[in-house]
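Beneath this line is the structure, given in structure tokens, with notes to follow.
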Amino acid sequence: MSSKTHVKHRETARIMLVDEQNRIFLLKTHFDPEVGLPPRWLTPGGGIDSGETALEAAVREIREETGMRVAPEDLGEPVLVSSGRWDWADGLSYHTYTDTIYELKVQNFDPDTSGFTEDELRDILEYRWWTIQELMDSDEQLAPHELRQWLRARYQA
């Protein structure tokens, strides 16, 4: 029996954007093409570049993916650090991840997507604001894996 191959580890910085009605802003994205898994909804964010802190990456990513400009102090400390694994569709490979997630209270907005990178233009299928109840009731794939549980604990305790 062959074991799966660990292809990469990806460190990301993500931002949980929460509007005045406690709705969460999420993006529906493809995995990288080589992963071959179905799309999932996740918070804005992405890979931490070499020499960048998680906080610096979060500030950059929120600008790229929403057009919002925020100061690092607006984000404060992470509210969740999540690690996990995604098994690829080929049945042979997987990658691990660590997501450092910040939370930012915002007023409802439509994102400015003019800052999307080439990968984001390819991968981001749609975006929307979700109520906590909609996320709890949905069978949509979410990332990180424990996002529903974290939201339930945070907003419906």
Filter pass, His9 being over 12 Å from the mean Cα position of the chain (by Cα), at negative phi, part of a strand (DSSP E or B) and crowded, with 18+ Cβ neighbours inside 10 Å: no
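Residues that are crowded, with 16+ Cβ neighbours inside 10 Å, touching a residue at least 40 places away in the same chain (Cβ under 8 Å) and farther than 15 Å from Arg23 by Cβ: does segment 121-137 have at least one?
In the first step, residues of segment 121-137 are kept if they are crowded, with 16+ Cβ neighbours inside 10 Å; the result is 123-124, 127, 129-130, 132, 135.
Retained after the next criterion (residues that are touching a residue at least 40 places away in the same chain (Cβ under 8 Å)): 123-124, 127, 129-130, 132, 135.
This time we only want the ones that are farther than 15 Å from Arg23 by Cβ, so: 123-124.
For segment 121-137, residues crowded, with 16+ Cβ neighbours inside 10 Å, touching a residue at least 40 places away in the same chain (Cβ under 8 Å) and farther than 15 Å from Arg23 by Cβ: present.
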Condition met for Glu120 (outside any strand (DSSP E or B) and touching a Pro at 6+ places or on another chain (Cβ under 8 Å)): no
Any pair with Cβ under 8 angstrom, 6 or more apart, that starts in segment 57-71 at a residue that is crowded, with 21+ Cβ neighbours inside 10 Å and ends at one that is of a type in the set (Phe, Trp, Tyr): Ala58/Tyr102; Glu65/Phe116; Thr66/Phe25; Thr66/Phe109
Scope segment 25-41; condition at pLDDT below 95, of a type outside the set (S, T, N, Q) and in a strand (DSSP E or B); matching residues: Arg40
Every residue from segment 92-110 that is under 25 Å from Val81 (Cα atoms) and not polar (S, T, N, Q): Tyr94, His95, Tyr97, Asp99, Ile101, Tyr102, Glu103, Leu104, Lys105, Val106
Which numbered condition Val81 misses (of (1) more than 15 Å from Ile24 (Cβ to Cβ); (2) surrounded by 14 or more Cβ atoms within 10 Å (Cβ to Cβ); (3) of a type outside the set (Phe, Trp, Tyr); (4) within 14 Å of the chain's Cα centre (by Cα)): (2)
In segment 42-60, residue nearest to Thr5 (Cα to Cα) [restricted to those that are of a type in the set (A, V, I, L, M) and outside any loop (DSSP other than H, G, I, E, B)]: Leu42
Residues of segment 138-157 that turn out to be more than 21 Å from Pro39 (Cβ to Cβ), without any contact (Cβ under 8 Å) to a residue 24 or more places away in the chain and not in a helix (DSSP H, G or I), as a count: 1
Hits in segment 25-56 (condition: among the hydrophobic types (A, V, I, L, M, F, W, C) and either surrounded by fewer than 16 Cβ atoms within 10 Å (Cβ to Cβ) or in contact with a Leu (Cβ under 7 Å, 6 or more places away or on another chain) (or both)): Phe25, Leu26, Leu27, Phe31, Leu37, Trp41, Leu42, Leu55
Failed criterion for Trp88 (all others in (1) under 13 Å from Thr12 (Cβ atoms); (2) touching a residue at least 40 places away in the same chain (Cβ under 8 Å); (3) crowded, with 16+ Cβ neighbours inside 10 Å hold): (1)
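The values are calculated or read from the model by the stated rules, or taken from the named source; none is laboratory data. It should be emphasised that the depicted structure is a prediction, and the values quoted were computed from it without experimental measurement. Ideal geometry is used to build each Cβ from the backbone, glycine not excepted, and the neighbour counts take in all protein chains shown.
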